[in-house]
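The block underneath contains the structure these notes are about, expressed in structure tokens.
The values are calculated or read from the model by the stated rules, or taken from the named source; none is laboratory data. Quantities reported herein were computed from a predicted structural model and do not represent experimental measurements. Note: ideal-geometry Cβ built from the backbone for every residue, glycine included; neighbour counts use all protein chains shown.
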Ligand SMILES: [Zn+2]
């Protein structure tokens, strides 16, 4: 299922999380696909998102999708995209 999801709109529809992992330092950040779809646009290809590592400033991030488990025993920290002017 996850394999056929290539745009933010589809990922949001399936309630997926977008995981960006830095190839340099291994730092991971999770985003709700729904947030990203609102921030960019739903036809945006997930692989083309410009993630940048906060730790080492590298643009070299591995992007993957994971299912959002609505499990109260597990806490998931997500980042929200925000525009600053
Ligand atoms: Zn990094």
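Miscellaneous remarks
- If the condition is being more than 16 Å from the ligand (Cβ to nearest atom), within 10 Å of the chain's Cα centre (by Cα) and in a loop (DSSP other than H, G, I, E, B), then segment 50-80 contributes 78, 80.
- First in segment 64-85 and at negative phi and surrounded by fewer than 11 Cβ atoms within 10 Å (Cβ to Cβ), second anywhere and at pLDDT 80 or above and outside any strand (DSSP E or B), Cβ under 6 Å, 6 or more apart: 80/35
- Checking the stated criteria, residue 45 turns out not to satisfy the condition of being under 12 Å from the mean Cα position of the chain (by Cα) and within 16 Å of the ligand (Cβ to nearest atom).
- Failed item, numbered, when residue 15 is tested on (1) surrounded by 11 or more Cβ atoms within 10 Å (Cβ to Cβ); (2) modelled with pLDDT of 85 or more; (3) touching a strand residue (DSSP E or B) at 6+ places or on another chain (Cβ under 7 Å): (3)
- Looking only at residues of segment 3-30 that are away from the ligand (no atom under 16 Å from the Cβ) and assigned to a strand (DSSP E or B), we find that the one that is farthest from residue 77 (Cα to Cα) is 7.
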